[in-house]
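Notes for the one structure printed next.
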Amino acid sequence: MSRYLGQHFLIAKRKIGKIVESLELKDKDVIIEIGPGKSALTIPLCENCRKLGCKIIAVEKDKLLANNLKEKFKNDKNVEIIEGDVLKILSKTIIQFNNLSTGNYKIVGNIPYYITGYLLRTFGELEIKPSLIILTIQKEVAERIIVKPPKMNLLAASVQFWAEPKIIGYVSRKDFSPPPKVDSAIIELKIKNYELRIKDNYYRIIKILFKQPRKTILNNLLSGIGDKNKEEIVEKLKKAGIDPRARPQNLSIEQIIELSTLF
């Protein structure tokens, strides 16, 4: 095990069972498991997939762990182990396996805390998104992702553009080996339909809005959009039913989407 990878292995069987159940496995499903580690989740996934005819593609960055997994599952046709950094190879892996092209796949993983933000951005940029994502992540991060107005933040706005997040369980630090310093949460991300054409502008607008979240929506837009004067911005905000004096944390995803079409 490479300590620099921040690995904490989930060992609580009840929590692992909860994750497997949450995936709602069906015939012909393809499951991409991120960081299978010592296969505590891979084994029950594999047992279910044998019955249903689904497939597991497990991506492991640690060379030693990947080799151990390849040996362990060498005779199992339902499991394919790929050694690599999921942040770099996820898109390529999805394209490589033709049966993923319809989006008929799901992602699951116990995620090292330090890559959570990078990984969520990677998911948001996927051209072919999964139907469902189940992740075990830091509790505090999960709770930031699911917030609604008046507690909206940059991370929540980023994720809720393309997914409906929901915490479906909590995991104590004692349920890991070695135990991390904080507790975790199991978060479900159901992929939703969104307007691809506004994606780039949406992300541009949320960066402007939440760059200084304690400022008003008007002041953030004034400092972030160079070609509009105050009167123009106020008029557009009022037409959209948005109080220029409100703070970004009060905006709903629908309102932010509307702003991305106006500016």
With (1) closer than 27 Å to Thr216 by Cβ; (2) part of a helix (DSSP H, G or I) as the list, and Ile89 as the residue in question, which single condition is left unmet?
(1)
Within the stretch 238-258, of all residues that are part of a helix (DSSP H, G or I) and either farther than 11 Å from Ile205 by Cβ or assigned by TED's automatic domain parsing to the domain that holds Pro165 (or both), the one nearest to the chain's Cα centre (by Cα) is Ile253
With respect to the numbered conditions (1) part of a loop (DSSP other than H, G, I, E, B); (2) of a type in the set (D, E, K, R); (3) in the same structural domain as Gly37 (by TED's automatic domain parsing), which one is the sole condition not fulfilled by Glu188?
(1)
What number of residues in the stretch 125-182 are assigned to a loop (DSSP other than H, G, I, E, B) and either of a type in the set (A, V, I, L, M, F, W, C) or in contact with a Pro (Cβ under 8 Å, 6 or more places away or on another chain) (or both)?
9
Hey, can you tell me all the residues within the stretch 68-86 that are more than 11 Å from Lys38 (Cα to Cα) and of a type outside the set (D, E, K, R)?
Phe73, Asn75, Asn78, Val79, Ile81, Ile82, Gly84, Val86
Candidate set from the stretch 191-236 (those that are out of contact with any Phe, Trp or Tyr (no Cβ under 6 Å at 6 or more places or on another chain), in contact (Cβ under 8 Å) with a residue 24 or more places away in the chain and assigned to a loop (DSSP other than H, G, I, E, B)); member that is farthest from Arg144 (Cα to Cα):
Lys228
Of all residues in the stretch 54-81, which are among the acidic types (Asp, Glu), in a loop (DSSP other than H, G, I, E, B) and under 23 Å from the mean Cα position of the chain (by Cα)?
Asp62
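Would you check if Ile186 is over 16 Å from Ser22 (Cα atoms), in contact (Cβ under 8 Å) with a residue 60 or more places away in the chain and touching a Ser or Thr at 6+ places or on another chain (Cβ under 6 Å)? Give the steps one after another, and end with the answer.
Working: over 16 Å from Ser22 (Cα atoms): no; in contact (Cβ under 8 Å) with a residue 60 or more places away in the chain: yes; touching a Ser or Thr at 6+ places or on another chain (Cβ under 6 Å): yes.
When the stated conditions are applied, Ile186 does not pass them.
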With of a type in the set (Asp, Glu), under 17 Å from Ile107 (Cα atoms) and in contact (Cβ under 8 Å) with a residue 60 or more places away in the chain as the only criterion, which of Glu60, Glu80, Glu24 stands out?
Glu24
Any idea how many residues of the stretch 31-42 are aliphatic (A, V, I, L, M) and either surrounded by fewer than 20 Cβ atoms within 10 Å (Cβ to Cβ) or in a helix (DSSP H, G or I) (or both)?
1
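The values are calculated or read from the model by the stated rules, or taken from the named source; none is laboratory data. This one's a predicted model, so the numbers in the text were calculated from it and none came from an experiment. Positions of Cβ are generated from backbone atoms using ideal geometry, with glycine treated the same way; all protein chains shown enter the neighbour counts.
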